[in-house]
Amino acid sequence: MSIYDFKNKRQVEMGLLLEGTLAGDRKDKDAFFEALTTSDLPTLLEPAINRKVRETYEGIPSTWDKIANKELVDDFRLQEVVRTVFNDGTILPTNVGKSFYSGGLPKIGELGEYPTISLSASGISYKIGKSGVKAALSWEAIINGRSISILERFYTEFARRAAKQNGFEVYGQFVSGSGFTPWITGAANDATLNANAGYATPVNAPLSIAALKAALAQAYTHVQDGQRLASPPVFELVVPPSLELSAREILSITEVSTTSGGVTTKTANPVDGKFDLVVGDEITQINSGAGAYWWIQPKPGTYEDGNVSLAFLRGHETPEVFVKSTTVSSPLDGDFDHDDVQTKVRHTATGVAKNLYGVVASTGAGS
C-alpha cells in the first residue's frame, strides 16, 4: 500500500481539514487548529503531508528526464546491467561475390553453409542509495500564530530539495566539481568504446556551428562492443544556463554565409534540426567553472540501456516525509529534549552512468 493512502477515518478527516485550511475555508481552519491541540497529530497528519509533498514535487519543472531514463529496482543490493551484443562471428566480408555489411545478412550460395553469429555480453554494476534531511517543526508556532504557512514551507522545501537532487544525480554523472567526470574523460580507456569517444573535435572547442558539426561527425563514428550502432536522427545538446542564448541562436540560424576568394556563398545551417536543446541549471551548481561546458548525446530511449539512468527503489519513487514525536501526551509537549516534533524527508533517487555511445563533450576552453 502506498504511503499516500490514508490508513483510517481520522487520517482522512485530518487530511480534508488540511485541504480546507489551505484553501482558506474558515470553518475548516477553526476545526483544524482545534484538532492540533487535542489529537495525536504526527500520526494523523503524516499521510496528508506526504500527499502535499508529492503534489508539490511533481509540479516542479525539471530537465533530468530529457537526458536520462527512469528505472526501478527492487532493493538496495548490487544491480547488474548486462548489455548483450550479437557479433558477426564467422561471416566473411564477401560471400558468393556479394559484400557483407555488419549488422545485415550475408548472401548464401546454392548448397552453401550458413555462417554463425555469436552473442557476447558486457555490463556494469551499481547500487542505489538514499538521501534526505530532517528538521524540527514547532507545533507551538503553528498553533500560536494560527497559520499553516510554516507547515507549507516545510513540505515545499522538502519537495524542492528532492526535485533538485534528481538533477544533481543525473547531471553529476557528467560533471563534477573539478571538471567532466572520469566517465567522460576516461572514455579512451573504455574497452567497449573506440578511442574518440569523449572530448569534442577539435579538442574542447567552444560552442559553435563548426564545433557541433565536428561533434556529430565524431559521434557517428562511435563503436560499442565492436559494432557501430545506427545514429539517431536527433541528438540532445546539453548546456548550462550561461550558454542557453548562444545555443538557441546557433540552432535558430537558417542560413550560413561563407566568403572565399571574394565570393560569398550562402548555404543552409548544417546542424539545423539535428539537436533539441536541454538547459541544465545543475551543471554550474555542481561546478561553478563549467559555464562554457557543453555536450551532445542521443535522446533517452534511443538505445535499450541509454547513456544515463535515474534509478529509484520500487514503491518509493517520490520523496517520503516522516513525522516523529517522542511524547505520549499532547503533541504540544514536543520531544523530551527540545520540545519539538521532528520531521525528515527520504528520497531514493540515484544516478547511474551506463555507456558513452554517441556522447561527445567539450569544456569550451579550446584546448
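Values quoted throughout were computed directly from the atomic coordinates according to the rules given, and no laboratory measurement underlies them. What you are looking at is a predicted structure, and each value in this text was computed from that prediction instead of being measured. We place every Cβ from the backbone using ideal geometry, glycine too, and count neighbours over all the protein chains shown.
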**Prompt:** So what's the convex hull volume per residue for the Cα atoms of the range 220-274, in Å³?
**Reply:** 134
**Request:** Give me the lysines in straight-line cross-link reach of K324: C-alpha distance below 24 Å, same-chain residues under 8 apart excluded.
**Result:** K7, K9, K29, K52, K130, K134, K344
**Fill in**
Residues other than T56 with Cβ under 14 Å of its Cβ, Lys/Arg counted +1 and Asp/Glu -1, net out at +1
**Asked** In what order do Y293, Y126 fall by count of nearby beta-carbon atoms within 10 Å, going from fewest to most?
**Response** Y126, Y293
**Item:** Proximal lysines to K213, defined as alpha-carbon separation beneath 20 angstrom and excluding residues fewer than eight positions away on the same chain
**Value:** K266, K274, K299
**Message:** Please report the net charge: other residues with Cβ closer than 13 Å to the Cβ of P233, K and R +1, D and E -1.
**Reply:** -1
